[in-house]
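Here the structure comes first, spelled out in structure tokens, and everything after it is commentary.
All of the numbers you see were taken from the coordinates with simple rules; none came from a lab. Predicted model, so just to flag it, every value in this text is computed and none were measured. Don't worry about glycine lacking a Cβ; one is built from the backbone with ideal geometry, like all the others, and counts go over all protein chains shown.
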Amino acid sequence: MRRFKWNEWNLQKIAAHALAAEKVEAAFDKVLQLDDREGGSFEMYAEVPSGRRIWVIWMYDREDDAIPSVFGEVEDAPIFDITAY
């Protein structure tokens, strides 16, 4: 199950593009393209339930002292949305 981390800063950024947290979260269910970016973030082209296609810039919000599993992943790292438009 995905977890998301929202704060006033990123909620305002997506609201400026007529988006809400629920729409951005739903976009993760219909990803059309996903690319790595510098600094550990991702750029995703996806579709929200209404059919609108959006770009989402996001990263995993990992604590510096989180211990990875044997597969190299940090479990339950929330998704921090940088922006969506």
Problem - Quotient of C-alpha Rg and 2.2 N^0.38 Å, computed over segment 2-48 - result: 1.18
Problem - Summed side-chain charge close to Leu32 - residues other than Leu32 whose Cβ falls under 10 Å, Lys, Arg +1, Asp, Glu -1 - result: +1
Handout entry: FRET E, pair Tyr85, Tyr60, Förster distance 25 Å, beta-carbon r, rounded to 0.05
Key = 0.75
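Restrict the search to segment 16-54; then list the trypsin sites (Lys or Arg not before Pro) that DSSP places in a loop and that have at most 13 other Cβ atoms within 10 Å of their Cβ. Walk me through the intermediate numbers first.
Details: sites: Lys23, Lys30, Arg37, Arg52, Arg53; in loops: Lys30, Arg37, Arg52.
Counting only loop positions with at most 13 other Cβ atoms within 10 Å, the trypsin sites (Lys or Arg not before Pro) in segment 16-54 are Lys30, Arg37, Arg52.
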Handout entry: Under 19 Å from Lys13, Cα to Cα: lysines that are on another chain or at least 8 residues apart
Key = Lys5, Lys23
Practice task
Find out how many positive minus negative residues lie around Ile82, taking Lys and Arg as positive, Asp and Glu as negative, among other residues whose Cβ is under 12 Å from that of Ile82.
Solution key: 0
